[in-house]
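S.K.: The following block contains the structure, expressed as structure tokens.
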Amino acid sequence: MLRILLLLLLSSLTACAPKQLPPAPVDVDRLAAAISDLHLAGGLAGELAVTIRDSMQKEMEDRVLERHGYASEEFDSLMWLIRSEPEWVEEVFQKVSDGLATFEAESSRIPVKVEPEND
């Protein structure tokens with residue numbers, strides 16, 4: 001009887017243990033870099049005239065993905081896969097956030113040469 005109680009207690013303790021999530025099944029650094037670049041490209045596309053914005057944005061997205069070695073369909077599939085686990089989403093987007101913050105800090109240190117106006 002004692003063995004049965006111990007077995008039930010042990011099984012209930014292991015059932016309540018937190019789930020060990022395997023690492024994300026993708027190269028998180030590569031995916032985060034692609035997402036960061038897509039974010040920057042989207043910002044640039046927003047500055048274009050409305051008449052050409054949509055076609056140029058799609059072209060820019062395709063080129064960014066190509067630069068990172070992704071086809072559009074592959075990238076979309078990876079994003080759906082990552083979205084299935086909140087921990088993976090957090091890991092990827094923390095890297096995206098860190099990368100964009102680094103980019104902003106580095107770009108703010110670049111000296112800008114201003115030409116004097118000729119009147």
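S.K.: Given the condition touching a Lys or Arg at 6+ places or on another chain (Cβ under 8 Å) and either of a type in the set (Val, Ile, Thr) or under 21 Å from residue 30 (Cα atoms) (or both), answer yes or no: does some residue in the stretch 48-66 qualify?
M.R.: Within the stretch 48-66, none of the residues are touching a Lys or Arg at 6+ places or on another chain (Cβ under 8 Å) and either of a type in the set (Val, Ile, Thr) or under 21 Å from residue 30 (Cα atoms) (or both).
S.K.: Count, please, the residues in the stretch 60-88 that happen to be among the β-branched types (Val, Ile, Thr) and farther than 14 Å from residue 36 by Cα.
M.R.: 1
S.K.: Take residue 84 and decide whether it is closer than 30 Å to residue 25 by Cβ, exposed (fewer than 10 other Cβ atoms within 10 Å of the Cβ) and either at pLDDT below 95 or among the β-branched types (Val, Ile, Thr) (or both).
M.R.: In short, yes.
S.K.: Same structure, new question: So, in the stretch 15-46, how many residues would count as being modelled with pLDDT of 75 or more and part of a loop (DSSP other than H, G, I, E, B)?
M.R.: Count: 6.
The values are calculated or read from the model by the stated rules, or taken from the named source; none is laboratory data. What you are looking at is a predicted structure, and each value in this text was computed from that prediction instead of being measured. Methodologically, a virtual Cβ is constructed for each residue, glycine included, from the backbone with ideal geometry; neighbour enumeration extends over all protein chains shown.
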